[in-house]
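Report on the structure given below.
The values are calculated or read from the model by the stated rules, or taken from the named source; none is laboratory data. Only a predicted model underlies this, so the values are computations on that prediction, with no experimental measurement involved. Using ideal geometry, Cβ is built from the backbone for each residue, glycine included, and neighbour counts are taken over all protein chains shown. We work out accessible area using only protein heavy atoms, side chains counted, and drop any ligands, DNA or RNA first. Shrake-Rupley method; radii C 1.70, N 1.55, O 1.52, S 1.80 Å.
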Amino acid sequence: MERLQKLIAESGYTSRRKAEELIKAGKVKVDGVVVKELGSKFPNDCKIEIEGKQLKLEQKEYYLLNKPRGYICSLADEKDRNIVTDLIDTKARIYPIGRLDYDTTGLLLLTNDGELANILMHPKSKVEKTYLAKLEGILSPEDLHKLKKGIVIDNIKCNILRVKVRKRDKIKNTDLVEITIEEGRNHIVKRIFESLNKPVSKLTRIRYGFLELDTLKSKEYRILSNNEVRKLYGYKKL
């Protein structure tokens, strides 16, 4: 059940504020009945008419995708590169929540639910994100100490919640590192390790909040359960 003005706004007909004005003016009908109460809530499958014009409402859809390398998190690309929404079989106008770089793989959420997207991307929500990063170079004890204290990027401290070396190859001089942060700034994981002179050659997001990739292979996706969606809404801070 959603507030009527929100349903109208999400249909693309007009803004939420304008929708409220239309409701108060008695120009909106729901299932044939004029509704003037702004707090009224209705399901997505209700019939909404504004001045005789019926709105088309989209059902909310939620997907978890294992993003492959070579896809961008956008709805279109002037360079004609592959975009992540092409991988989801739906007619809904979905979009990614946040972004992963063109060459970064792993867990990505997509939806047409703008409210949930805003909740999860807001810094106050503090959604944990865990990555596996393959580094060109081996982290020293001093590097690990710096990571645990937090790294300053563009004069803003990035707190690393957890970090550990999962695999070390002394012959190839590489580390496979698991790192968990709440940050959402662009290229932030790569920039963290670049500050230590340890460039990232491969990067995969393996966890987003409580969600994990599990057995999903590259390019595969699944629909989130109702319980998972409710838990994601639980990140909303009052």
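Structural remarks
- Conditions (1) at pLDDT below 95; (2) over 12 Å from residue 181 (Cβ atoms): number failed by residue 153: (2)
- Selected residue (criterion: nearest to residue 1 (Cα to Cα)) from residues of the range 34-56 that are among the basic types (Lys, Arg) and open to solvent by 90 Å² or more (accessible area, probe 1.4 Å): 41
- Filtered by the rule that a residue be at pLDDT 90 or above, aliphatic (A, V, I, L, M) and assigned to a loop (DSSP other than H, G, I, E, B), the range 80-118 gives 88, 94, 97, 100.
- Selection within the range 186-221 - of a type in the set (Gly, Ala, Ser) and more than 28 Å from residue 145 (Cα to Cα): 218
- Filtering the range 155-204 to residues that are of a type in the set (Asp, Glu) and in contact with a Lys or Arg (Cβ under 8 Å, 6 or more places away or on another chain) leaves 175, 178, 182, 183.
- Among the residues of the range 183-198, those that are at pLDDT 95 or above and open to solvent by 40 Å² or more (accessible area, probe 1.4 Å) comprise 191, 194, 195, 197.
- Scanning the range 16-33 turns up one or more residues that are open to solvent by 20 Å² or more (accessible area, probe 1.4 Å) and in contact with a helix residue (DSSP H, G or I) (Cβ under 6 Å, 6 or more places away or on another chain).
- On the stretch given as the range 137-171, residues that are farther than 29 Å from residue 123 by Cα, in contact with a strand residue (DSSP E or B) (Cβ under 7 Å, 6 or more places away or on another chain) and open to solvent by 90 Å² or more (accessible area, probe 1.4 Å) total 2.
- The requirement of being out of contact with any helix residue (DSSP H, G or I) (no Cβ under 7 Å at 6 or more places or on another chain) and in a loop (DSSP other than H, G, I, E, B) is satisfied by residue 186.
- Taken over the range 208-238, residues that are assigned to a helix (DSSP H, G or I) and in contact (Cβ under 8 Å) with a residue 24 or more places away in the chain amount to 4.
- Cβ pairs under 6 Å, 6+ apart, first in the range 121-135 and at pLDDT below 95, second part of a loop (DSSP other than H, G, I, E, B): 121/98; 124/237; 125/235; 126/182
- Per the conditions (1) open to solvent by 90 Å² or more (accessible area, probe 1.4 Å); (2) farther than 27 Å from residue 117 by Cα, the sole criterion not satisfied by residue 175 is (1).
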